[in-house]
Structures are given as C-alpha cells and as structure tokens.
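To start, the structure under review is shown below, and the notes come after it.
Laboratory data are not the source of any read-out in this text; all were calculated from the coordinates shown. What you see is a predicted model; the values in this text were computed from it and never measured. Ideal geometry is used to build each Cβ from the backbone, glycine not excepted, and the neighbour counts take in all protein chains shown.
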Amino acid sequence: MVFKSLFRKPSTIQYMGGKLSLDNRVRGLLRYDPATCIDCKLCMRDCPTGAIRIVNNGTKTERDMHAYLDTGLCIFCGQCADSCSKNSLSCTSKADLSQLKHDDLTIEL
C-alpha cells in the first residue's frame, strides 16, 4: 500500500507563498463599506464566533465607521454579510490571510 503511493501524483497542490487562485464562490475576507453602514451592529450580534467588531469613532450625526475582523476567530460563514440590511458587508474570495504573529490576525476592513 505504501509502495504504491510513491508513484502516484500528490492529491494536494503545491503552494509556497505564491498566488492562490480560488473559485468566486469561496467565502473569504469580508469587504466593508462604511458609507452605507447605519451602525445597527446586527452583524456583531449574529456572528457565531464574535469575530467582527463595528466601531463608530465619530458622533451619531457625523459617523466615522470602522470594522475590525479577527481572522483567527472567523469561520467565514458569511452570516454577518447575510444579516446586514444595508449590504455594507460582503464576502470576497480572498483567502490568503495567514500571519506569523497572533496579534496580526485582527485586521481593519
């Protein structure tokens, strides 16, 4: 059994830091549009892992919206994008999000 597998093609693809091409249907990194966000925080409540955080650094009338995603917690289910009534969040196909330090896993969208 082991000897036979030596002459077979590998089941996985070679990936050594090059460009990873995935299908468009893959749910990857989120895209955030702060101009359409109404600060309802429904995406934060619906996230099963609590990976997304929406922060308003401005006032209620003059918003300065920012979104932060902990890619170490996110399971890329797309629930936050589905629950957003204003379509401020959407899923992209970018999936190469690896980092060397744990502190670098939280990114601003």
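Quick notes on this one:
- When 2, 26 are sorted by how many other C-beta atoms sit within 10 angstrom of their C-beta, beginning with the fewest, the order is 2, 26.
- Two-site FRET efficiency, residue 55 against residue 8, from Cβ-Cβ distance with R₀ of 30 Å, rounded to 0.05: 0.05
- Potential lengthening of the chain between residue 79 and residue 93 amounts to 3.5 nm, from the contour at 0.36 nm per residue minus the alpha-carbon distance.
- Its relative contact order, with pairs defined as Cα atoms under 8 Å and 6+ residues apart, puts the chain at 34 percent.
- Full extension of the chain between residue 26 and residue 64 gives 10.7 nm of extra length, using 0.36 nm per residue less the Cα-Cα distance.
- Cysteines in the chain lacking any other cysteine Cβ under 4.7 Å from their own Cβ: 37, 40, 47, 74, 77, 84, 91.
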